[in-house]
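Each remark here refers to the structure printed beneath this line.
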Amino acid sequence: MIRIVGIVLAMLFAFPIVIGLLGSVLPAFGLLPPLADSEGFTELFADPRFWPAIFLSLKTAIIATLLVLVLTMLALVCAHGTRLWRWLNGLLPPLLAVPHAAMAVGLLFLIAPSGWLVRVISPSLTGWERPPTLWVVPDSSGWSLILGLVIKETPFLLLAAAAQLPAVRVDAALRIGRTLGYAPARCWSRLILPLLYPRIRLTLLIILAFNFSVVDMAILLGPGNPPTFSVFLLSLVNDPGSRAVASAGALVLAAGVGLLFGVTVIVEKTISQIANHRRESGLRGNSLPIWRVIAQGISTGGLVLSMLTIVMLLIWSVTRRWRFPNVLPTEWTFSHWTNRLGEFASPLTTTLTLALFTTVFALIAAVAWLEVERREKVPKLDWMWYIPLLVPQVTLLFGWQAMALLTGSDGKWLSVAYSHWVYALPYVVLILAVAWRELDPNWNSAASVLGAGYWRVLFRVRLPLLIKPVCQAAAVALAVSVAQYLPTLLLGAGRHQTIAIELVTSFGGVDRRVIAVLASVQSILPLIAFGLAIWIPRYFRAERNT
Amino acid sequence: MSSIRRFCENTDWPRNFALCLSSVWEANPASGIIAAINSCNSVSRNLTFRSTLSGTIMKNLSSILSHFKVALVAAILTSGSSIATEVDSAWESVLEDAKGQTVYFNAWGGSDRINSYLNWAADRVSEEYGVTLEHVKIGDIAEVVGQLEAAKAVGKDTDGNVDLMWVNGENFAAMKSGELTWGAFANNLPNASTLKSSESLTTDFSVPVEGLESPWGAAQLVFIYDAAVVDEPPKSANDLLNFLSDGGRFAYPAPPVFQGTTMVKQLLIELTDNHDALSKPVGEADFASVTAPLWEYLDQMHPMLWGKGKTWPASAENTRQMVDDGEIDIAISFNPNEASAAVKGGQLPDTVRTYTFDEGTIGNTHFVTIPYNAKAKAGAMAVANFLISAEAQARKADPEFWGDPTVLDIDKLSEADKALFTSVDLGPWALPIGTGITLPEPHASWADALEEEWLKRYGN
Amino acid sequence: MYPLRVDNLSLQLPDGTMLCQQLSFEIAPGEILVLMGPSGSGKSTILSWLTGTLNKRIRATGEVWLGETCLNHVAVEKRKLGLMLQQDYLFPHMSVGQNLKFGLRGGSKSERESRVSASLKSAGLEGLQDRDPATLSGGQRARVSLLRTLLSEPCALLLDEPFSRLDVTLRGQIRDFTWHSASRLPTLLVTHDEADVPANASILDLSGLR
């Protein structure tokens, strides 16, 4: 019985992945008439936009990921144990709730020649009465996109790394290393980072895959001509004559991610070889306070920049007139919020129903899976959960869309909800797994001895004991569902308008005020969820204590 | 035979055919209309299909058949029933069917004002016809055309996801040639009688409309500038070049963004000597020689643009934002009243003005159409009819709400309806009424060819 | 070698509790001072203060001197105070030999090799260079850990209950090894176990000082 539950669950999860890959592979080789009956690859390679787009994507992904890694290390080394660290830990989690695209819009307004950073110093310091023409945003080389990816992904990696610090006993390592005479930076590079890196490697690979295949940020911040490879692909997918080309492209995208992973592993091996030798040298290094100050400055700068993008959006949401070179709006209004309350009702309802469905079923599936795993001693299939996070979304989605069209299941609510579930489940399983596996089995036996049946033990002992990770996992599932744009768009066939879709379509209108309002609404939902995830376990504890 | 052919050329036969059939199916005239349009389409579709199969014999047969169809129409039409009452009763039953239907209207969702306008329209059609109107906000209607082509490829011929869509130009041409439109519904709409009788409503980028789409609004390429910054804006292509070399700031969206393509077409019309070639399919022209002056011009112009020809604004809306930010001096728009709406909405300073080039700019009409596999066809017709009511068009023309020029002929309206339009205040910001010569769009096939060549030259 | 001296050390917790007041002592090279007291009496906090890694929220006054040098404003890594904790903290990503080389200061490549093997030999751990620390026994780990500290050439040795986690049978052996190795350094031992105290040591009992 239990075994069957496990098999069904694994199938439910693996089915769409297999379908998605098939739906991309078959048309690419012209094997899926009537949707595609030509060879996609020859046409793809012949497209003049192909190579420039690939190079642009590789360049932005590699540089952005490297910068994310370097900045994370810098922040860890220079800020850990200082007041700045507490600021980072307090301010970064809410940043994760802000949609990528919203952040991109805020960033555009910050760094443009007519943007806020120029306005602050103009015309008083610069003499610029009109925006300078020295640079344009977004630029043609992809640096705006790189900056956007860096300020959005660095908090993600930094928080992932911060969560692993206790496991690598960072305080002890610093203490031992320093009393052996090593400067703090050396303690990090020789004692802590070699242990920390394997623990954040997967997060880094997820970031790398994301940076390579990102769509929404690349549309807003990336060069448009040629665009990044994933944007180029998306422009093909709805052109039925190009489905074979689009599918071939989706496979190239997945292969690109694979290639990047391979390169990462090789680089990692090389660096660890070198580091291994250097560790034996016994050279203590000097602590250079100036570097520490510079590094802290960079970290603080990044934090301030991220926060400013959000502040800019919030100001725009209540702006009527705000022209260059005014530092603040000259006319304010709340009408963008009030006019719109009625219009939010329908997309908000769709967003919430999808999110609740996703959350509930992801939790049920994850708990069921972990129980199967615990009771049946089946092999841990952790790698399976990572597939949707590592395979580019565009690749899976092209396949799903093709299959949905063939079976007529596009535009169905359940298709959309299913796709959200596939993307939320991995996070839920991975968050719950650690706590679930580590929970002392004696709790179970203690309860069983008292005569409690299986379900009673599960609901009255295990789940209440694990209320904190369960709530966290639920909040993440909800946030993942709220943020899904491409699956909702491509599988929903426009029938299911969510806030995420409203937000992305609002970019067409280029009205920062509308975008700001929608982005705020989209950020508030996960923030509420994360708030509840903190509050609910406390509430239960407080209840018990009274 | 020749008299029948003349009839065929002069008369809007699908509409009449449908009406006549509707009198045949008196029990349910609405389904009659719908079925009639369906059958017309399927007949012609089958004919096209067969003609590709067996060449001239079938072609001849098909022409015989279509003549037969027209003869049938003529026979029924002359049988003497009053057309007016037919319209009324047929339309009544369309509305009967429409009641309770949900119409998924796929329309560009990038503009806040348009979205609000459609919200209002949804309230009104719900009151008026009991139709639930859902605005499906999309980024580019070409995507929807693509989805329809895919649906057609896999044979999803009923219960489609799209009931009504906002199209024109290349997308309409693609739908028409791919037989993705449902049928000649547009002329059956009661409000169609008050439409302007102008060529831009009956041909869409030189492609005959034939009732397959219903006009919704007029558009013309205009330029918006801030009079507080620019004294004398450039009024021709060559002026624009001088303006740029004097340090003026300008940018247009890169093709295939449609306003960018329109700008390129506009420049081509001004720069080429061979105007005749533009109104015919591009395949019939010597593309290289017709367009040579255009590329020479663009080669000169691009290094002087904002972004130096390496970076381009994402859309026309972007250029409006850039004028407000001061990054460029002149925005392009496809709506002569946009500036007025934008000033009222706080998106542009009240010092902006709108103008066209002295020799005119490209103008066209945008339409709504019903896809062949739409589920709520009656509801979609009800909505399309509402969209060309005096009430809806007057509100649409008001920059307070949208500010899109009407497709109605004001003179054909009742006094009360006329009053709706005279109360609209465009302010000094919109294109002054009576100015701005409208030039016709080149044939729809030019867009693709120009875009391809543009991308080849300036794509990297 | 210089004596290690503490003058007038006072430690105050954020809630106002005093861990110690006006504590002064001096340890000559080769001498062992034992800080005794139950857990929570502030023994480990004093060690943290000595190494310069005290939690910033604890208020400390007083001075620490190594011979003629006041260490108060010297960076942790320059104080040259060797530290041994309850846990051995052998770095899991390095072999035994690498752990030792990490502690060892200076020398050419071949000198370093020979010093590491010599010190392993002196501790009865001959030939274990390439072993993963995880495969060593508790006693072996403790010895490697002490060797690593000694190879860093400390000027004084601070031991924070280094024997408490060891097997009872091993403790005596490790204690002897420790006292033998540390015979030329001023040594401060923190413990709550009287059996840890060597014969020649002086004792400072913190339980009475509060």
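The values are calculated or read from the model by the stated rules, or taken from the named source; none is laboratory data. Computed from a predicted model, the values in this text were never measured in an experiment. All Cβ positions, glycine included, derive from the backbone under ideal geometry; neighbour counts span all protein chains shown.
Quick look at the values:
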item	result
Single condition residue A:224 does not satisfy, out of (1) closer than 25 Å to residue A:503 by Cβ; (2) modelled with pLDDT under 90; (3) surrounded by 24 or more Cβ atoms within 10 Å (Cβ to Cβ); (4) among the small types (Gly, Ala, Ser)	(3)
Residue in segment B:372-389 that is under 30 Å from residue B:426 (Cα atoms) and assigned to a loop (DSSP other than H, G, I, E, B) present	yes
Subset of segment A:326-348 (residues that are modelled with pLDDT under 90 and assigned to a loop (DSSP other than H, G, I, E, B))	A:339, A:340
Looking only at segment B:315-372, and only at residues there that are more than 14 Å from chain A (Cβ to nearest Cβ) and over 20 Å from residue B:220 (Cβ atoms), the one that is surrounded by the fewest Cβ atoms within 10 Å (Cβ to Cβ)	B:372
Filtered residues of segment C:142-177 (kept if of a type outside the set (A, V, I, L, M), in contact (Cβ under 8 Å) with a residue 60 or more places away in the chain and within 17 Å of residue C:125 (Cα to Cα))	C:145, C:149
Residue count, segment A:156-181 (criterion: within 14 Å of chain C (Cβ to nearest Cβ) and in a helix (DSSP H, G or I))	12
Filtered residue count, segment A:240-282, keeping only those that are in contact (Cβ under 8 Å) with a residue 40 or more places away in the chain, away from chain B (no Cβ under 14 Å) and among the hydrophobic types (A, V, I, L, M, F, W, C)	10
Tabulated pairs, segment A:297-320, first among the aromatic types (Phe, Trp, Tyr), second assigned to a helix (DSSP H, G or I), C-beta under 7 angstrom, 6+ apart or interchain	A:316/A:512; A:316/A:513; A:316/A:516
Residues of segment C:180-197 classified as under 18 Å from residue C:165 (Cα atoms) and either at pLDDT 85 or above or in a loop (DSSP other than H, G, I, E, B) (or both), total	6
Residue check for residue C:45: away from chain A (no Cβ under 14 Å), of a type outside the set (Lys, Arg) and not in a loop (DSSP other than H, G, I, E, B)	no
Flag if residue B:394 is free of Cβ contacts under 8 Å to residues at least 60 places away in the same chain and outside any loop (DSSP other than H, G, I, E, B)	yes
Exclusive hit being touching a strand residue (DSSP E or B) at 6+ places or on another chain (Cβ under 6 Å) and of a type in the set (Val, Ile, Thr), set A:488, A:505, A:498	A:505
Options A:501, A:536: the member that is of a type in the set (A, V, I, L, M) and in contact with a Cys (Cβ under 6 Å, 6 or more places away or on another chain)	A:536
Failed item, numbered, when residue A:132 is tested on (1) closer than 16 Å to residue A:157 by Cβ; (2) within 14 Å of chain B (Cβ to nearest Cβ)	(1)
Selection status of residue C:137, touching a residue at least 60 places away in the same chain (Cβ under 8 Å), under 30 Å from residue C:169 (Cβ atoms) and hydroxyl-bearing (Ser, Thr, Tyr)	no
Within segment B:218-249, tally of residues that are farther than 30 Å from residue B:197 by Cα and either part of a loop (DSSP other than H, G, I, E, B) or among the polar types (S, T, N, Q) (or both)	15
Members of segment A:460-510 found to be hydroxyl-bearing (Ser, Thr, Tyr), part of a helix (DSSP H, G or I) and within 14 Å of chain B (Cβ to nearest Cβ), listed by number	A:488, A:505, A:506
The one condition in (1) in contact with a strand residue (DSSP E or B) (Cβ under 8 Å, 6 or more places away or on another chain); (2) assigned by TED's automatic domain parsing to the domain that holds residue B:106; (3) surrounded by fewer than 24 Cβ atoms within 10 Å (Cβ to Cβ) that residue B:379 fails to fulfil	(3)
Any chance residue A:513 is modelled with pLDDT of 85 or more and surrounded by 20 or more Cβ atoms within 10 Å (Cβ to Cβ)	yes
Criterion: assigned to a helix (DSSP H, G or I), surrounded by fewer than 19 Cβ atoms within 10 Å (Cβ to Cβ) and among the β-branched types (Val, Ile, Thr) - qualifying residue of A:429, A:434	A:434
Yes/no for residue A:283 being over 30 Å from residue C:78 (Cβ atoms) and either crowded, with 18+ Cβ neighbours inside 10 Å or assigned by TED's automatic domain parsing to the domain that holds residue A:188 (or both)	no
Top-ranked residue in segment A:406-426 [being in a helix (DSSP H, G or I), within 14 Å of chain B (Cβ to nearest Cβ) and surrounded by fewer than 22 Cβ atoms within 10 Å (Cβ to Cβ); ranked as nearest to the chain's Cα centre (by Cα)]	A:413
Leading residue by the ranking (nearest to residue B:371 (Cα to Cα)) among those in segment B:146-167 that are among the β-branched types (Val, Ile, Thr) and within 8 Å of another protein chain (Cβ to nearest Cβ)	B:162
Verdict on residue C:33 being buried (at least 17 other Cβ atoms within 10 Å of the Cβ) and farther than 28 Å from residue C:183 by Cβ	no
Single match in B:403, B:427 (criterion: in contact with a Leu (Cβ under 9 Å, 6 or more places away or on another chain), part of a loop (DSSP other than H, G, I, E, B), modelled with pLDDT under 90 and not assigned by TED's automatic domain parsing to the domain that holds residue B:258)	B:403
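Residue by residue, here is whether (1) within 11 Å of chain A (Cβ to nearest Cβ); (2) crowded, with 22+ Cβ neighbours inside 10 Å; (3) part of a strand (DSSP E or B); (4) in contact with a Gly (Cβ under 9 Å, 6 or more places away or on another chain) holds:
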{"site": "C:41", "(1), (2), (3), (4)": "no, no, no, no"}
{"site": "C:53", "(1), (2), (3), (4)": "yes, no, no, no"}
{"site": "C:63", "(1), (2), (3), (4)": "no, no, yes, no"}
{"site": "C:98", "(1), (2), (3), (4)": "yes, no, no, no"}
{"site": "C:111", "(1), (2), (3), (4)": "yes, no, no, no"}
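Yes/no per residue for (1) out of contact with any Cys (no Cβ under 7 Å at 6 or more places or on another chain); (2) surrounded by 21 or more Cβ atoms within 10 Å (Cβ to Cβ); (3) without any contact (Cβ under 8 Å) to a residue 40 or more places away in the chain:
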residue: A:121; (1), (2), (3): yes, no, yes
residue: A:128; (1), (2), (3): yes, no, no
residue: A:135; (1), (2), (3): yes, no, yes
residue: A:141; (1), (2), (3): yes, no, no
residue: A:170; (1), (2), (3): yes, yes, no
